[in-house]
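The values are calculated or read from the model by the stated rules, or taken from the named source; none is laboratory data. None of the values given here were measured: they were computed from a predicted structure. Cβ: placed from backbone, ideal geometry, glycine included. Neighbour counts: every protein chain shown.
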Amino acid sequence: MSTTAFLTDSTLCIGCKACEVACKEWNHVGEDGLEWSGYSYDNTGAVGASTWRHVKFVEEPPTPGIGGNAGDQASWVFSSDVCKHCEVAGCLEACPTGAIVRTEFGGVFVQPDVCNGCAYCVVACPFGVVAKNREDGRAFKCTFCYDRQKVGLEPACAKACPTESIKFGEINQLRAEAQQRVQVLQDRGMDDATFYDPTHTSVQGTHAMFILRGDPRTYNLPPNPEVPTTYLRKGWTSAALAAGLLLGGTLLAFLTDGARDAQ
Amino acid sequence: MSNQPIRLPEPQADRERRLHDIRREAELSGKVSVRGIRPQGAPFPKASPETGYYGIPLLKPPQWTHQIPLYFFVGGAAGAAAVVSAIGHYVGAERKLVRDARYIAAAGAVISPALLIADLGKPERFLGMMRVFKPQSPMSVGAWTLLGFGSAVSAATFAGLMRERYGPSFPLAILENAGEAAAIPLGLGLATYTGVLIGATAIPVWNQNVGDLPLHFAASGLSAAVGMLELMGHSKSRALQALGMGAALFEVWEGIRIEGRKHTHLDPLKHGTSGAITRVGGALSGPLPTALRLASLFAGRERASSLRRWAGASAVVGSLLTRIAWLRAGVASAQDWRMPLEVPPDAQSWPDKHPEFDSRSKAENT
């Protein structure tokens, strides 16, 4: 079985949120964010326990005359965000119960029958994706439609996307496709077209990659996401030092103290 | 739905004319020299590399309940108390001191899982921690440490109680000694692992201080354990005075480390509610007990004992506040959108710069 991935192309996204709806319908994720956030037509602001796909709206003041923009309409870039399914996943490493596993398709999956709601994955995710549902008490995030992939179907969001902005396929093939697509866009004059796939950090790449226009930070994507396990060595070294000092200090304190019980 | 037709805004002749002129200029020269039209609703909230995605935080804040800082406090004190008890037991220190330290450890071993279960919501969920052992997960290491700690300390406590009631016997001596022997490494683990637990996360204020946290938490746990013992009447023990002084001096050093350095990641420890709690907790953990302990060295016998009880009480409260402060700082740190995006600390998000748009609800999604 080859490993699969999403390639989300923001230059093709029309902001219809069909991916959000399809995800909720297929996975029975509860309603949230019917209120406007006030930031363009964004409802939920970020992915979370009840939002597994989230369309970001980057709105810009119009540039009149260029491209025939009307003077009173904003220009937009949309980008559908999702769990990144990191190659080295912080949530998976942190999970103490083994509830979070790597599936045969390369995705990161939270087994709901095993998760005990310790919420450690929440602080271990460098992309702020996984979250605890406070009513239910367990952690939830995108499942990479494990159930659909299991029977040979593509994930619900990719299936529903009307513009093929969300592409689903074999990861290496998609990486090659992305490079080509960025080249095509740049040739067309979109000099700011970039490919987001943080292979240069300890995350070592993701199974959800993005084609963006401009800086990834505009879309709340960190330039250098790090897996928290990189801090373990320093932490345990300090803990060993602390344990040594605590033990040595206590021993010293009692040995120099003359107070003894007559045995 | 109403059957009223949708009303479109009236065309504005002057705006349309100006737009026409601008388009014409763009067509001819390829650029526009005049200021553009100000559309309805402008200025628009802006997402950009400098202002982030409308200032919506990238990271999720810790979703732990208030039982978790309480557990850090109880577990830290219990772990350190177990070490004090075990070393005292083997060195042959005052029996009452050893016993009281053991009681603190045993009480902590009972209260800690209760607090964790309260955070998880259902008792059987704690059993999930026992499914696997994952050395790369500090949460898993901690859960197993706590389980082992509870067993070791209860064995030692049980054997000690039996010995006191029915007199010494060989099996009880084995159980007591084995319990105390196991309680040393497990107590050391329990007092220090929580620093690694929050240090190895994506939260900047925690992971940037991962080298300090285990030492800081161990000192905090020790000063709390010593303080509790002094309050229980051991305010004349020289060993406890030395340990309390060492822990308080380390907390002074930690306070200097936090206050003396200028790093963006330290901001939640200096500003806002989390900053205030950090400072009060720090003062009660470090400088105040140090001063009281120093004063007790030059005071008369009874006065010294009273000063040390005050130092102990201050350290206990300081330790609790320190744990609360670090967790609140983690929440504040996660809500600062600048750190993970590597944006300069003085950068402002669009809504920050335009408070008149504060009525726009900040998207909260958990």
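Can residue A:226 be described as more than 14 Å from chain B (Cβ to nearest Cβ) and not β-branched (Val, Ile, Thr)? No: the conditions fail for residue A:226. Residues that are in a loop (DSSP other than H, G, I, E, B) and either at positive phi or modelled with pLDDT of 95 or more (or both) within segment A:204-215 comprise A:204, A:205, A:207, A:214, listed in sequence order.
To keep it simple, each residue is scored yes or no on (1) outside any helix (DSSP H, G or I); (2) at the interface with chain A (Cβ under 7 Å from one of its Cβ atoms); (3) more than 21 Å from residue B:286 (Cα to Cα).
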position	(1), (2), (3)
B:187	no, no, yes
B:202	yes, yes, yes
B:215	no, yes, no
B:223	no, no, no
B:229	no, no, no
B:253	no, no, no
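When B:101, B:159, B:178 are checked against the criterion of being outside the structural domain of residue B:229 (by TED's automatic domain parsing), buried (at least 24 other Cβ atoms within 10 Å of the Cβ) and part of a helix (DSSP H, G or I), B:101 stands alone in meeting it. Those helices (runs of 4 or more DSSP H) of segment B:261-366 in which 2 or more residues are touching a His at 6+ places or on another chain (Cβ under 9 Å) and modelled with pLDDT of 95 or more occupy B:301-335.
Of the residues screened, residue A:88 is not one that is touching a helix residue (DSSP H, G or I) at 6+ places or on another chain (Cβ under 9 Å) and either within 19 Å of residue B:126 (Cα to Cα) or at the interface with chain B (Cβ under 9 Å from one of its Cβ atoms) (or both). With respect to the conditions (1) under 22 Å from residue B:72 (Cβ atoms); (2) buried (at least 19 other Cβ atoms within 10 Å of the Cβ), residue B:293 lacks only one, and its number is (1). Here residue B:185 clears all of (1) under 16 Å from residue A:248 (Cα atoms); (2) touching a residue at least 12 places away in the same chain (Cβ under 8 Å); (3) surrounded by fewer than 24 Cβ atoms within 10 Å (Cβ to Cβ) except the condition numbered (2). Residue under question is residue B:151, and the condition is that it be in a helix (DSSP H, G or I), over 24 Å from the mean Cα position of the chain (by Cα) and not hydrophobic (A, V, I, L, M, F, W, C); does it hold? Spelling it out, residue B:151 is indeed in a helix (DSSP H, G or I), over 24 Å from the mean Cα position of the chain (by Cα) and not hydrophobic (A, V, I, L, M, F, W, C).
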